[in-house]
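*Asks:* Just dropping this structure here.
The values are calculated or read from the model by the stated rules, or taken from the named source; none is laboratory data. Please read these numbers as outputs of a predicted model, since none were measured by experiment. Here the Cβ positions follow ideal geometry from the backbone for every residue, glycine too, while neighbour counts run over all protein chains shown.
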Amino acid sequence: MTLLSYLAGLTMVPHKTPVLFQYLFPQYLWKKKTEEKVIYLTFDDGPIPEVTPWVLACLKRYRAKATFFCVGDNVRKYPDIFQMILSNGHTVGNHTYHHFNGKTTSDEKYLESVRQCDDEFNKHQVKSDLFRPPYGRIKASQRKALPDREIIMWSVLSKDYLKTLNPAKILKASIEATEKGSIIVFHDNLKAYSNLSQVLPEYLEYFHQLGYRFHSL
């Protein structure tokens, strides 16, 4: 078992990705090297009408840009919400069509899901080389079959999807884990929304007051 798959399988995954992982897996983008006060916001699993428009409105208040890693089937079901992301000046990345776990999915099935997500993007005349494997899990063989993709991981995992954590704990841990150039993961899905709806505005406000800017990848 690789260290990366071990980390992904832990029930108590740290909010801040250990530097060791960034060193051992340099082929993935974990954070940006910068001395500027910039944070890279990312949102996984949308677009969906119940959450994504709210996220977009929240980001707009802070003139924040983000990257949305979209599930292809959601793009198919909610094309207007996908277009809303684009029209607000955000970037998008492939998150597979079915939100497959690469470690438990055959290469053929996994790569077809990536292609299907591309097909949905193409319907909107969008091409993106950004790819985030669902759950952060991808086999070396799958990575090798996607040489033209920039694999985006994260340096901060908000854990907004965990019902066992309250918003205050999520916010505190996410703030403490964030530094210049951090790539942070939030989720615009129903599972995360109860936490996200409280954490995201406070997180943006906190770093806005410190003079940080929020960029897309």
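*Asks:* Being hydrophobic (A, V, I, L, M, F, W, C) and part of a helix (DSSP H, G or I) is the filter here, so list the residues in the range 52-75 that pass it.
*Replies:* The answer is Trp54, Val55, Leu56, Ala57, Cys58, Leu59, Val75.
*Asks:* So, one more: Considering only residues that are in a strand (DSSP E or B) and either loosely packed, with under 13 Cβ neighbours inside 10 Å or among the acidic types (Asp, Glu) (or both), which ones fall in the range 30-51?
*Replies:* Asp44
Residues are listed down the side, and each one gets a yes or a no for (1) assigned to a helix (DSSP H, G or I); (2) surrounded by 18 or more Cβ atoms within 10 Å (Cβ to Cβ); (3) of a type in the set (A, V, I, L, M, F, W, C); (4) on the phi > 0 side of the Ramachandran plot:
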site	(1), (2), (3), (4)
Tyr110	yes, yes, no, no
Ser128	no, yes, no, no
Gln142	yes, yes, no, no
Leu165	no, no, yes, no
Tyr203	yes, yes, no, no
Tyr206	yes, no, no, no
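*Asks:* Residue by residue through the range 88-108, note down the ones that are touching a residue at least 40 places away in the same chain (Cβ under 8 Å), part of a loop (DSSP other than H, G, I, E, B) and closer than 27 Å to Pro14 by Cα.
*Replies:* Selection gives His95, His99.
*Asks:* Applying the selection to the range 1-18, what residues are modelled with pLDDT under 80 and either part of a helix (DSSP H, G or I) or closer than 14 Å to Val185 by Cβ (or both)?
*Replies:* Across the range 1-18, the qualifying residues are Leu3, Leu4, Ser5, Tyr6, Leu7, Ala8, Gly9, Val13, Pro14.
*Asks:* Working only within the range 104-116, note down all residues that are under 12 Å from Pro133 (Cα atoms) and in contact with a helix residue (DSSP H, G or I) (Cβ under 6 Å, 6 or more places away or on another chain).
*Replies:* Within the range 104-116, Tyr110 is the sole residue that qualifies.
*Asks:* Any chance you could count how many residues in the range 170-189 are in a helix (DSSP H, G or I) and more than 15 Å from the chain's Cα centre (by Cα)?
*Replies:* 7
*Asks:* Being out of contact with any Cys (no Cβ under 7 Å at 6 or more places or on another chain) and closer than 17 Å to His187 by Cβ is the filter here, so list the residues in the range 95-116 that pass it.
*Replies:* His98, His99, Phe100, Asn101, listed by residue number.
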